[in-house]
1. Tell me, please, whether a residue that is surrounded by 24 or more Cβ atoms within 10 Å (Cβ to Cβ) and not polar (S, T, N, Q) can be found in the range 5-12.
2. Which residue out of Arg383, Arg342, Arg379 is basic (Lys, Arg), modelled with pLDDT of 95 or more and over 26 Å from Thr5 (Cα atoms)?
3. Can you say whether Val381 is open to solvent by less than 50 Å² (accessible area, probe 1.4 Å) and either within 21 Å of Val15 (Cβ to Cβ) or not in a helix (DSSP H, G or I) (or both), as far as the supplied structure shows?
4. Filter the range 45-75 down to residues that are over 16 Å from the mean Cα position of the chain (by Cα) and at pLDDT below 95, then give me how many there are.
5. Return the residue satisfying two criteria in turn: it lies in the range 356-383 and is in contact (Cβ under 8 Å) with a residue 60 or more places away in the chain and not hydroxyl-bearing (Ser, Thr, Tyr), and of such residues it is farthest from the ligand (Cβ to nearest atom).
6. In the range 334-358, how many residues are open to solvent by less than 10 Å² (accessible area, probe 1.4 Å), among the small types (Gly, Ala, Ser) and in a strand (DSSP E or B)?
7. Quick check: anything in the range 180-188 more than 13 Å from the ligand (Cβ to nearest atom) and not in a strand (DSSP E or B)?
8. With part of a strand (DSSP E or B), under 21 Å from Gly268 (Cα atoms) and open to solvent by less than 30 Å² (accessible area, probe 1.4 Å) as the only criterion, which of Ser425, Ser389, Ser413 stands out?
Amino acid sequence: MNSLTKDAQKAAERVGLTADRIVIHGGKPLRGRVDVRGAKNLATKAMVAALLADTPSVLRDVPDISDVGVVTGMLGAYGVSVREIGPGELRLDPSEVLKAHFAQIDALAGSSRIPILFCGPLLHRLGEALIPDLGGCRIGDRPINFHLDALRGFGAVVDKSYEGIRLTAPSGLHGANIELPYPSVGATEQVLLTGVLARGTTELRNAAIEPEIMDLIAVLQKMGAIITVEPNRVIFIEGVEKLEGYNHRALFDRNEAASWASAALATGGDIFVAGARQQELTTFLNIFRKVGGAFDIHEDGIRFTHPGGTLKPVEVETDVHPGFMTDWQQPLIVALTQAQGRSVVHETVYENRFGFTDALIDMGADIVVHSGGLDSPTRRVARRPLEQSAVINGPTKLHGADVEIPDLRGGFSHLIAALTADGTSTVTNIGIISRGYEHFIGKLAGLGADFEYEG
Ligand code: EPU
């Protein structure tokens, strides 16, 4: 068993999935309703923020996914009690924060990247933080240099130890002047979670401004933080002495919503995504419409349909917000295999995010990945050395195949491809999906998918 499969199994067990595989009989449109709850990429960070307070916090709409399980375990190791007080409602009590044993953190952190965000809060609360080897999806090198440089800017001392990386703050943390080399989501969150309790003012330039970051700022403001978002990716943080617990409902998961939208388009279906909102999805909705998909915006969600007729090819560049998210390209590419003509997707955020296309090619897709990227007269995003481009020629009939899920978003696209394909597919390593898609087995059943889950 390789380590990927072990991570997938651990992830699956955390949310009660018992099997590693699903056998899908594809070729039928997905129709019905799915409910999307709070965003993985907000809820997990808001949970870490609870560590900064003196009093308990309540977070609502928390999805039942294994990454939430990882953060719950990590918080537990540091003495923060996390209790489910209602469906998707967590009470996080940080009044007894204590040092954790390295073995406990190491065992948990293996399957997530969130532990890096504990650094600032732990330095404030305990004067020390240990980071083990980080997990998360294998979609590139995913370094932590921006995080460590920012923490050094706040006055942290970083030492490599045999256990991982050890951070201390002998003179406490002070405000910092930080410019990120790239608007990294995680590094921006690191600066927010550290700057709020640092002495003095922090100026962050070239910050990420994803909606999940704006929601984290809302959480921190509820706690008593003073944060100003200026134009041109500048964020000011005025450090305060102490923070209180918050009561917050997590922003909906844009990535899950876009995944189900693409599933509706690829399978020729009709899915109402309850909880999805237009504002955070405008860039996705533009591309969805250009491909030939239809959507209706409702008060309580968005209905995504394949309106019939031919789908059209598009050229898309992934980018930081407000661009087209890197997490949206994998499910969209499955729909693009059904479009009439040549689509091009440029991945500019991560250096290795097209590995999932191998399985689509095995299923009959015509996709060529250019590892050095491709120039284009219409591009908007500056060329980055790490980027790659995928050229998708369609339409191609997909047929069933045996595929092993490589990562979260790529894995969901494999499920969509198997549902689109004629015939039977066996998809293994499905535990990975539970890291970010709540109750996906039940949701697939509710949408009329024909499958056997070997649980
Ligand atoms: N980067 C560095 N050094 C750093 C940090 C980042 O070089 O210290 C680079 C990365 O290698 C990458 C780029 O900066 O090339 C952007 O990475 P970013 O820090 O923005 O990503 P992240 O915070 O690690 C979060 C989400 C990802 C999502 C990206 C982009 C979480 C837990 N993860 O990752 O979500 O793709 O932002 O929006 O919030 C997913 O949900 O499946 C997922 C991978």
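1. Taking the range 5-12 and keeping what is surrounded by 24 or more Cβ atoms within 10 Å (Cβ to Cβ), we get 8, 11.
Subsequent filtering for residues that are not polar (S, T, N, Q) retains 8, 11.
Yes, some residue in the range 5-12 is surrounded by 24 or more Cβ atoms within 10 Å (Cβ to Cβ) and not polar (S, T, N, Q).
2. Arg342
3. Against the criterion (open to solvent by less than 50 Å² (accessible area, probe 1.4 Å) and either within 21 Å of Val15 (Cβ to Cβ) or not in a helix (DSSP H, G or I) (or both)), Val381 qualifies.
4. Number of matching residues: 3.
5. If we take residues in the range 356-383 being in contact (Cβ under 8 Å) with a residue 60 or more places away in the chain and not hydroxyl-bearing (Ser, Thr, Tyr), then Met363 is farthest from the ligand (Cβ to nearest atom).
6. 2
7. no
8. It is Ser425.
The values are calculated or read from the model by the stated rules, or taken from the named source; none is laboratory data. Just so it is clear, the structure is predicted and the values come from calculations on it, not from any experiment. Neighbour counts are summed over all protein chains in view; Cβ atoms, including those assigned to glycine, are modelled from backbone coordinates with ideal geometry. Protein only, heavy atoms only, side chains kept; ligands, DNA and RNA dropped before computing areas. Shrake-Rupley method; radii C 1.70, N 1.55, O 1.52, S 1.80 Å.
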